[in-house]
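Since every read-out is calculated from the coordinates, none of them should be taken as a lab result. The shown structure was predicted, so the numbers you read here are calculated from the model rather than taken from an experiment. Here Cβ is always computed from backbone atoms with ideal geometry, including for glycine, and neighbour counts include all displayed protein chains.
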Amino acid sequence: MTTPPGFEADIKPLFRQRDRSAMLFMFDLWDHADVAANAADILAAIEGGDMPCDGAWPPERVELFRQWAQGGAQPLRSVRRRRPACRRRTRVPGRPS
Ligand code: HEM
């Protein structure tokens, strides 16, 4: 993946409705803030194959989650920071420059 993973596009779709419902007693797996706050524990659970308890994730899924967690648990895929689009100074009549 060229851009670092983001929660909405890459991580949230990994969690089934079933995962979310089962885990609501601890956190909401469809909520960025909750998953980010618990990312280290969640990573440990999926790495160890303990969760989801009805079948461990394949290694590439675990790896994707790890990249996301270690990349700062971003809400969105990162966009390259660009300069503000409008840099031209426009002289507005009547406004002091
Ligand atoms: C900090 C990480 C986690 C902890 C400590 C944790 C702990 C638990 C516990 C204590 C249960 C109840 C077990 C039972 O009823 O016997 C449970 C159920 C479940 N968890 Fe997690 N969990 C974690 C992360 C996850 C993640 C990331 C997923 C999905 C990817 C997940 C999917 C599930 C599912 C599907 C169940 C229901 C199992 C069933 O009743 O068949 N959990 N979890």
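Please give, to one decimal in nm, the separation of the simple spin-label points placed at Lys12 and Met26, each 7 Å out from Cα toward the Cβ.
Between Lys12 and Met26, the simple spin-label model gives 2.1 nm.
Could you work out the equivalent-ellipsoid semi-axes for region 1-56, taking the square root of 5 times each eigenvalue of the Cα gyration tensor, largest first, in whole Å? All intermediate terms of the calculation are to be shown ahead of the outcome.
Working: eigenvalues 64, 37, 26 Å².
Three semi-axes, in Å: 18, 14, 11.
Just want to confirm a number: the relative contact order over region 7-70, from Cα pairs under 8 angstrom separated by 6+ residues, in percent.
The normalised contact order for region 7-70 reaches 30 percent.
Please list the three semi-axes, largest first and in whole Å, of the ellipsoid equivalent to the chain, using sqrt of 5 times the eigenvalues of its alpha carbon gyration tensor.
That gives 40, 15, 10 Å for the three semi-axes.
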